[in-house]
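Chemist: Can you keep this structure in mind? I'll have questions shortly.
The values are calculated or read from the model by the stated rules, or taken from the named source; none is laboratory data. Given the structure is predicted, the values throughout are model-derived calculations rather than measurements. For neighbour counting, all protein chains shown are included, and Cβ atoms are generated from backbone atoms with ideal geometry for every residue, glycine included. For the accessible areas, the whole protein counts, side chains as well, though only heavy atoms, and no ligand, DNA or RNA atoms are used. Shrake-Rupley method; radii C 1.70, N 1.55, O 1.52, S 1.80 Å.
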Amino acid sequence: MEAGWALFLDLDGTLLDIAPTPDAVRVPPGLIESLSGLEACLDGALAIVTGRARATVDGLLAPLTPAGGFGHGAELRDAAGRTGGTDAFPALPADWGVRLEREAAAWPGVILERKPHGLALHYRAVPERAADARAALESLLAGHAEHFALLPAHMAFEIRPRGATKARAVEALMRSAPFHGRRPVFVGDDVTDEDGMAAARRLGGLGLYVGRDFRCGPAEVRAWIARALARLSQGNAHAQP
Ligand SMILES: O=P(O)(O)OC[C@H]1O[C@H](O[C@H]2O[C@H](CO)[C@@H](O)[C@H](O)[C@H]2O)[C@H](O)[C@@H](O)[C@@H]1O
């Protein structure tokens, strides 16, 4: 890691170990402090780019409120804490959550996750329900394909606004301070992260894949962050008069 990088980090499966349910994820001791220290070493150019809702991320990483793209890029927050970017997308039809809740009630183990800009049906506990979950979301999307899209995820299917991508988040943040002029580096593990990695590469940077560049998973990403923090903060200390 170099002091001139702008670092874009995916959350689930990259910084956090995958858990049986969305609410069961644990933030390992020291991670928030490491992210906060690294954010300072990068002059604020550190962002979390995730499918999770902003409020969920803020709850998990409190007191850190990093820049980022949330809801797969539907909502943005810059390094100054300004939120926005959601005007580009229509609201989810009001009845979708209720309809899915009713269907999921017939499938014990399937979890409905409601987000401000999307919905997810998780079938990790009951893989045999994958086809039902997909069909339920596809039936909601019928007639709405212009505005919303189906997203296959880790043991889940999601609906997100069409155009809400991690590339959108990277590109928007790279136009703003302190990201602008730095080398973007995106670290992720999932198919949605490939958009973010492609955007980082288009802008002269790198895409790093958990499973390929970090073979041991999120623990290796966290160790890399801790090492980078130690090295960059030493450099900063030496740079002081
Ligand atoms: O973009 P990410 O930060 O990778 O978020 C993608 C989705 O992650 C969450 O679901 C996944 O992680 C859960 C916890 O480990 C796991 O139980 C689930 O099976 C995974 O699909 C989150 O719940 C979603 O909202 C995110 O879009």
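Results for (1) over 16 Å from the mean Cα position of the chain (by Cα); (2) of a type in the set (K, R), shown as yes or no for each residue.
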position: R162; (1), (2): yes, yes
position: K166; (1), (2): no, yes
position: G196; (1), (2): no, no
position: A200; (1), (2): no, no
position: R212; (1), (2): yes, yes
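Chemist: Select from the stretch 73-87 the residues that are in a helix (DSSP H, G or I) and either touching a His at 6+ places or on another chain (Cβ under 7 Å) or open to solvent by 10 Å² or more (accessible area, probe 1.4 Å) (or both) and write down the one among them that is farthest from the ligand (Cβ to nearest atom).
Modeler: D87
Chemist: Assess whether L92 counts as being at negative phi and modelled with pLDDT of 95 or more.
Modeler: Criteria not met by L92.
Chemist: Are there helices (runs of 4 or more DSSP H) fully within the stretch 110-225 with at least 1 residues that are touching a Gly at 6+ places or on another chain (Cβ under 8 Å) and either more than 28 Å from A24 (Cα to Cα) or touching a residue at least 24 places away in the same chain (Cβ under 8 Å) (or both)? List them.
Modeler: Per the criteria, 166-174, 191-202.
Chemist: Would you say R231 is open to solvent by 60 Å² or more (accessible area, probe 1.4 Å), of a type in the set (D, E, K, R), in a loop (DSSP other than H, G, I, E, B) and out of contact with any His (no Cβ under 6 Å at 6 or more places or on another chain)?
Modeler: In short, no.
Chemist: Moving to a separate point now. In the stretch 26-53, which residues are open to solvent by 10 Å² or more (accessible area, probe 1.4 Å), hydrophobic (A, V, I, L, M, F, W, C) and not in a helix (DSSP H, G or I)?
Modeler: Once the filter is applied, which keeps residues that are open to solvent by 10 Å² or more (accessible area, probe 1.4 Å), hydrophobic (A, V, I, L, M, F, W, C) and not in a helix (DSSP H, G or I), the stretch 26-53 yields V27, A53.
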